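Since the structure comes first, as structure tokens, the remarks are kept for the end.
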Amino acid sequence: MEELQVFFTVPNSISTLSPKELVAAYIDFLLEILGEILNLQLYFIHHVEDSIQPLKMEMKFLLIFLGDTPSQPTELETTKKILADIEVVANETGSFLYSFFYCTNRISMSGMKQTLSDLLESKSTESQSPRYCQVV
């Protein structure tokens with residue numbers, strides 16, 4: 001199953017997409033996964049379901065933010081830094097989802113809620129927004 005982990009990180013391959021578009025497409029992929037998790041209402045996610053919705057909202061905010069991020073040459077360096085931060089958040093979310101699907105069992109599921117809470121707390125867009133909003 002480790003070979004599937006590559007699908008849970010932002011692709012680094014040469015693409016016709018700009019880096020911003022590549023990260024946005026990856027976040028959209030993560031949103032699809034989160035939406036399906038919530039739609040399926042699988043028995044083993046009930047104890048983390050209340051944490052998945054905020055994560056989904058955070059990822060939607062990042063997509064909106066990416067759409068509003070300036071692409072002017074004078075702001076290019078700042079945009080690259082912001083994009084790198086967003087890519088880290090997206091990769092950590094992907095890593096969490098990979099672990100959720102492929103590295104858990106009933107015994108380890110009890111720790112999943114804490115892991116998801118830690119992810120949300122450490123990458124909350126509310127705590128990061130003021131820093132970015134001052135830049136753009």
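All of the numbers you see were taken from the coordinates with simple rules; none came from a lab. All of these numbers come straight from a predicted model, not from anything done at the bench. Don't worry about glycine lacking a Cβ; one is built from the backbone with ideal geometry, like all the others, and counts go over all protein chains shown.
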Query - Length gained when the stretch Thr16-Phe61 is fully extended (0.36 nm per residue, less Cα-Cα span) - result: 13.8 nm
Query raised in the report: If you add up the charges near Asn39, with Lys and Arg at +1 and Asp and Glu at -1, over every other residue whose beta carbon is less than 14 angstrom from its beta carbon, what do you get?
Result: -2
**Report entry** Around Pro11: net Lys/Arg minus Asp/Glu count, Cβ-Cβ under 14 Å
**Finding:** -2
